[in-house]
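The values are calculated or read from the model by the stated rules, or taken from the named source; none is laboratory data. Quick caveat: nothing in here was measured; it's all calculated off a predicted structure. FYI the Cβ positions are ideal-geometry reconstructions off the backbone, even for glycines, and counts take in every protein chain you see. What goes into the accessible areas is simple: the full protein's heavy atoms, side chains included, and nothing from ligands, DNA or RNA. Shrake-Rupley method; radii C 1.70, N 1.55, O 1.52, S 1.80 Å.
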Amino acid sequence: MFRLSEAAASLHILFATQTGNAEFLAEQAARLCAASGVAVQLAELDRVSMQEMQAMRRCLVVISTTGDGDLPDAALDFGAALFAPDAPDLGALGFAVLGLGDTAYDNFCQAGKTIDARLEVLGAARLAPRIDCDFDFEPPAHAWLRANLPRLTDGLERVGEGSAAVVVAGGDGSRWSREQPFSARMTDMVRLSGKASAKDVRHYAFGLAGSGLAYAPGDGIGLVPVNHMDLVRQLIRRLGAGPYDPVPGFDAPLLELLQRRFDITAPSQSLIAFLAEQGADAELNRAYACREAGELSAFLWGHDIYDLLARDARLRIEPAVFLGLLQPLRHRTYSIASSPLTHPDEIHMTVATVRWQHRDRLHRGVASTWLADGLRPGDRADVFVLPNPRFRLPKATDLPVIMVGPGTGVAPFRAFLQHRRAQGASGKNWLLFGDWNRESDFLYGEEFEALRRDGTLTRLDLAFSRDQSEKFYVQQRMLEHSAELYAWLQEGGHFYVCGDAEEMAVAVDAALHEVVRAAGGHSEAAAQDYVGALRRDGRYQRDVY
């Protein structure tokens, strides 16, 4: 990463990201330091050895959390070295940690907490208190950086204000962002799942003409949703207020605030704590008291905010107090399902509509049901591009590509295949897709069959779990074809996974290790090293959620 002799002269900003947010913040921190004349070295955590860590004098770690409190893929090798029994003493290092996470998950910012605690155990000095940032991370992260970068850079040599430089990746070059999204017109909506399917999966297209928005296969689209009016009205009635009543401390009537400003589906930790403190519902109180044991998560499963309020009809909450206990309404991120080479003025999405029944009430996912029920072609939605530089096709178009994308996880691979076809790429393409039933759940099935016929898709292997008595999944299909999959990897193939992080991605990872072990004749340890090398070389990439 750098010459060890120069390690102490720089602030090292080390990042690990799953979707690009941590890298984005690391780049912003690097620019702030460079503007003040401090030499900055920016690197992904997995590119840093323990020998290099020992040589550093100051470092800032910016890290996101994925899965069930796990380190992101770009920090797995670093984490293994950091927690190894022979990890070195880091007594000469001063550090700080900026963690990114989501309070909707139990292990909020656990990756940052893990790294922060381990660095201290190894003797490093904490120069600033760790910050754990929620989904709306930019304002608190920027304030923390401005307050604490002077501590991290104090004593480092300056080369002159504004004269230090750092090379960072830029955005898409447009003026649109999560703070200022683009109002895109929906141009198409098609139901992909069949009439017999238990799911409602749809394809959406939005026009980008004149926006200047650019994207690459593997990027995400941020969608700013609107809450369903049925739930808004239910909450207004429950609060005993009028829809157009002013709310002290807020600049809009209650209806608009509940419809567009706040998350009125997922209960925040503040709201749960407030309701537990009222002490009226024994079941909620007991679950909250045992939250560390996982009882609260089990209790909340299937509940939305209205469910919790309905448990105690006597409870009265002033609208201003209620709004103060809610989280802001956040954008939703979806993998882009199109290539700009094939659809230069459009962006496509593949979305499963989320609906469920609980206690005789219909519950709805915020963004997915707004797309399905609240919009029609011609209507507009606010969108922006979320670059995902850790999920990219190989630059060399002659290399093989293996894609594992069950369910809506197939979305970015539709984009990959469109892109490879438009490029005239000579490299082989292998898609492994799975879902429940072939007849009703083969998403984009006709497109993929056509790509197989024209030679773009070299292999198409399917796994429909409910088409036979015993369930069958994509990871089992991988094991069936171990020899050929390993041969593609040996040819320089890139391996991609998209979809569920908690079960599918874990099972696919285990299958990949078994493929390497069995087909490659490796020991378990050698298979671990092989897969680790794939990850470090950017040949094993995941977009999991």
To the nearest 0.05, what FRET efficiency results for ASP89 and GLU447 with a Förster distance of 51 Å applied to their C-beta separation? 0.35
Scalar couplings 3J(HN,Hα) for the range 257-266 by Karplus 6.51 cos²θ - 1.76 cosθ + 1.60 (θ = phi - 60°), nearest whole Hz, x for Gly and Pro, are 5, 6, 7, 10, 9, 10, 7, 9, 10, 7
Please list the non-local residues whose amide H lies under 5 Å from the amide H of GLN327, H modeled 1.01 Å from N, same-chain partners needing a gap of 5 or more. ASP263, SER268
Using a 1.4 Å probe on heavy atoms of the protein chains only, the accessible area for PHE448 in Å², nearest 10, reads 0
Just to verify a number: FRET efficiency for ARG459 and GLU503, C-beta to C-beta distance, R0 = 30 Å, to 0.05? 0.80
Apply the Karplus parameterisation 6.51 cos²θ - 1.76 cosθ + 1.60, with θ equal to phi minus 60°, to every residue of the range 200-211 and state each ³J(HN,Hα) to the nearest whole Hz, in sequence, with x for glycine and proline. 10, 10, 10, 9, 10, 10, 10, x, 10, 4, x, 7
Exposure rank, largest accessible area first [MET349, MET504, MET229; 1.4 Å]: MET229, MET504, MET349
Can you tell me which lysines have their Cα less than 23 Å from the Cα of LYS395? Leave out same-chain residues fewer than eight positions away. LYS428
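Given a 1.4 angstrom probe, what's the average accessible area per residue across the chain, in square angstrom?
On the way: 23620 Å² over 545 residues.
Counting only protein heavy atoms, the per-residue value for the chain is 43 Å².
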Could you give each residue of the range 464-474 its phi-based ³J(HN,Hα) in whole Hz, using Karplus coefficients 6.51, -1.76, 1.60 with θ = phi - 60°, and x for Gly or Pro? 9, 5, 10, 8, 8, 5, 9, 5, 9, 10, 4
Where does the charge balance sit around GLU447 when Lys and Arg score +1, Asp and Glu -1, over other residues with C-beta under 13 Å from its C-beta? +1
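If each residue of separation counts as 0.36 nm, what is the full-extension length gain between LEU362 and ALA510 once their alpha-carbon separation is subtracted? Let's see the in-between values first.
Working: separation 148, 0.36 × 148 = 53.28 nm, distance 3.73 nm.
Full extension from LEU362 to ALA510 adds 49.6 nm.
Roughly speaking, to the nearest percent, how much of the range 180-275's 1.4 Å accessible area is carbon and sulfur?
Working: 2090 of 3990 Å².
Percent of accessible area from carbon and sulfur atoms in the range 180-275: 52.
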Provide Rg over Rh for the chain; use the alpha carbon set for both Rg and the Kirkwood Rh (inverse mean inverse pair distance). 0.97
Under the rule of at least 5 residues apart or a separate chain, name every residue whose amide H is placed under 5 Å from the amide H of HIS494. VAL401, ILE402
